[in-house]
1. Please work out which one of (1) of a type in the set (Val, Ile, Thr); (2) at pLDDT below 90; (3) over 22 Å from the mean Cα position of the chain (by Cα) is the condition A:Ile79 fails and give its number.
2. So which of A:Ile167, A:Ile120 is more than 22 Å from the chain's Cα centre (by Cα), more than 20 Å from B:Val210 (Cβ to Cβ), within 13 Å of chain B (Cβ to nearest Cβ) and modelled with pLDDT of 90 or more?
3. Just to be sure before I move on: is A:Thr6 within 18 Å of A:Leu199 (Cβ to Cβ), in a strand (DSSP E or B) and more than 14 Å from chain B (Cβ to nearest Cβ) in the structure I sent?
4. Hey, among A:Ser48, A:Ser134, A:Ser62, which residue is of a type in the set (Ser, Thr, Tyr) and more than 29 Å from A:Gln219 (Cα to Cα)?
5. Output yes when any residue across the range B:187-201 is touching a helix residue (DSSP H, G or I) at 6+ places or on another chain (Cβ under 9 Å), touching a residue at least 24 places away in the same chain (Cβ under 8 Å) and either open to solvent by less than 40 Å² (accessible area, probe 1.4 Å) or within 21 Å of A:Ala107 (Cβ to Cβ) (or both), and no when none is.
6. Which numbered condition trips up A:Ala224, out of (1) modelled with pLDDT of 85 or more; (2) part of a helix (DSSP H, G or I)?
7. Quick check on the range B:176-186: of everything there that is assigned to a helix (DSSP H, G or I) and buried (at least 17 other Cβ atoms within 10 Å of the Cβ), which residue is farthest from the other protein chains (Cβ to nearest Cβ)?
8. Looking at A:Asn81, is it within 10 Å of chain B (Cβ to nearest Cβ), open to solvent by 10 Å² or more (accessible area, probe 1.4 Å) and of a type outside the set (D, E, K, R)?
Amino acid sequence: MTVLQTENLCYTYSPGMPFEHTALHDISIGFEQGELTAIIGHTGSGKSTLVQHLNGLLKPASGRVLLNGEDIWADPKNIRNIRFRVGMVFQYPEHQLFEDTVEKDIAFGPRNMGLSEEEIDQRVKEAAEFVGLSASLLKKSPFDLSGGEKRRTAIAGVMAMRPEVLILDEPTAGLDPHGRDLILEQIDRYRRKNGTTVLLVSHSMEDVARIADKVLVMQHSRVAMYDTAPRVFDRAAELEEMGLSVPAVTRIFSQLADKGIADHDAVYTLEQAEQAAVALLKEKGVTVC
Amino acid sequence: MLTDITIGQYFPAPSLLHRLDPRMKLILTVLWIAMVFVPKNWFGLLLAVAFLVLCIALSGLPGRLIFKSIRPILPLILFTSILNIFYVSGGRLLFSWWIFKVHTGGLITAAFIGIRIICLIIGSSLLTYTTSPTALTDALERLLSPLKVLHLQVHELAMMMTIALRFIPTLIEETDKIMSAQKARGADFESGGLMKRVKAMIPILIPLFVSAFRRAYELATAMECRCYQGGEGRTRMKQLHLARRDYLSLAVSLAVLALLIVMNILIDPVL
């Protein structure tokens, strides 16, 4: 089932000014219930502008955004409710923390929804657990946390609203490998448990290959590709032409295939690479322990 | 949106006004202020307006932009003009009701002051539209440098101004981002009474201050890493040179000012 959909979406920044610039050009796509879609593309390709339309932070110049088949701008007064249903985690979300305790900051969204105190409390605990924040941290000031903890606090703040669609704009940017693995794992677990549709803007092809069901490639304000992750990564040459890359392991195996050493198998993640390498070595008669 | 603010914004274009030396433009702006306040009769004011129109034409800026610069202060202009209508007596009494009396003198003064303020704003926004902030502070530093004799820290002042100007767009962008992020969490800035609205600003102001301080520390460290020690013995990458067009524009402006003074002597003032 298509949860979120855009129809001929167009948007222009500063129309009529010397700095005028078209950010979205006739975008018509749909996102399926429960799927994790990664959005990739160059800086300035329109990714961030696109996702900001999906929860009504930007109003389309023309075209529509449909949530469960209904135009989100049908009643502009209702746009706040749309934002609760389509949760959005911005780039460097830790820069938005402001409360004196982590707990209160996570509760900001649910409180704006007008929920009861018990409900808020329960949601805060649940969200904190999802992102792996221990109970002792909840009473601390968010400004005393480490970078990764701050980031997870901010993500929990959006998860606590229990959105139907969760959008994350580069959630792993600027984190160390451990913090990055942790966040990706938590996002994946969260959506598997709640059946949430997730959109993930990312620059890291490794991250994308690991958790995305589908990949949306944006270029020059348009949709360049939109397909399942393996099918998009199969078009490595096109991606590279756009200045994007495929995961490092995919590159290695496609070069091996070019040299006639390996079959042109789809290899996108480290686990797949390991299996493929072991199989290849066995085939050549090398014993692998 | 916050990005609609145009005061102090620079609009690059290949015009004569853009190419003038920023120091000369600053001096010309001061001269322009004199030109606006010297005329005491309609002909003088007309000449000043004509001179302004010429400058706008030479700046190559779209007319919409010029209008945009006066829009935020229109209420102020209206307020002063209306006040003048009722306060200034002189001339014939046109209209009287309760304590309100309108004289022809009041109407004339109101029109005069309104035109003067509009001219003043447009003239000074021409300066900021055609001069990049860095060029402007550079010019200011040079023009103020004689004050070093009085132990005024001219370079430091100019540097502070440069940094402040440099960070206005950055902070506006940051504010926009934080507002979007809080809106995404259901923050509501548009409804409710005054107290509620003031309270609604807290989730924006705190992150904004935190980030402003973070940026300030980063900038200070970066400057120290590059051995910045203030103005002592510092040379410049961009040297300013006065060209023929600069002297020419000064000559024209002085001529107009002189003409205005002559007109004041020859023509009777409106009041």
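1. Of everything listed in (1) of a type in the set (Val, Ile, Thr); (2) at pLDDT below 90; (3) over 22 Å from the mean Cα position of the chain (by Cα), A:Ile79 misses just condition (3).
2. On the way: A:Ile167 fails: more than 22 Å from the chain's Cα centre (by Cα).
Being more than 22 Å from the chain's Cα centre (by Cα), more than 20 Å from B:Val210 (Cβ to Cβ), within 13 Å of chain B (Cβ to nearest Cβ) and modelled with pLDDT of 90 or more holds for just one of A:Ile167, A:Ile120, which is A:Ile120.
3. For A:Thr6, the condition - within 18 Å of A:Leu199 (Cβ to Cβ), in a strand (DSSP E or B) and more than 14 Å from chain B (Cβ to nearest Cβ) - is met.
4. Working: A:Ser48 fails: more than 29 Å from A:Gln219 (Cα to Cα); A:Ser62 fails: more than 29 Å from A:Gln219 (Cα to Cα).
One residue alone meets the criteria, A:Ser134.
5. No, there is no match, as no residue in the range B:187-201 is touching a helix residue (DSSP H, G or I) at 6+ places or on another chain (Cβ under 9 Å), touching a residue at least 24 places away in the same chain (Cβ under 8 Å) and either open to solvent by less than 40 Å² (accessible area, probe 1.4 Å) or within 21 Å of A:Ala107 (Cβ to Cβ) (or both).
6. Condition (2) is where A:Ala224 drops out.
7. If we filter the range B:176-186 for residues that are assigned to a helix (DSSP H, G or I), which is where we start, we get B:176-184.
The next check asks that each one be buried (at least 17 other Cβ atoms within 10 Å of the Cβ); those that pass are B:177-184.
Details: B:Lys177: 7, B:Ile178: 6, B:Met179: 9, B:Ser180: 5, B:Ala181: 4, B:Gln182: 6, B:Lys183: 6, B:Ala184: 4 Å.
Filtering first and then ranking leaves B:Met179.
8. Details: within 10 Å of chain B (Cβ to nearest Cβ): yes; open to solvent by 10 Å² or more (accessible area, probe 1.4 Å): yes; of a type outside the set (D, E, K, R): yes.
Yes; evaluated as a whole, the condition is true for this residue.
The values are calculated or read from the model by the stated rules, or taken from the named source; none is laboratory data. Since this is a predicted model, take the numbers as computed values, not measurements. Glycine also receives a Cβ, built like all others from the backbone with ideal geometry; neighbour counts cover every protein chain displayed. When the accessible area is computed, the model is the full protein with side chains, heavy atoms only, and any ligands, DNA or RNA have been set aside. Shrake-Rupley method; radii C 1.70, N 1.55, O 1.52, S 1.80 Å.
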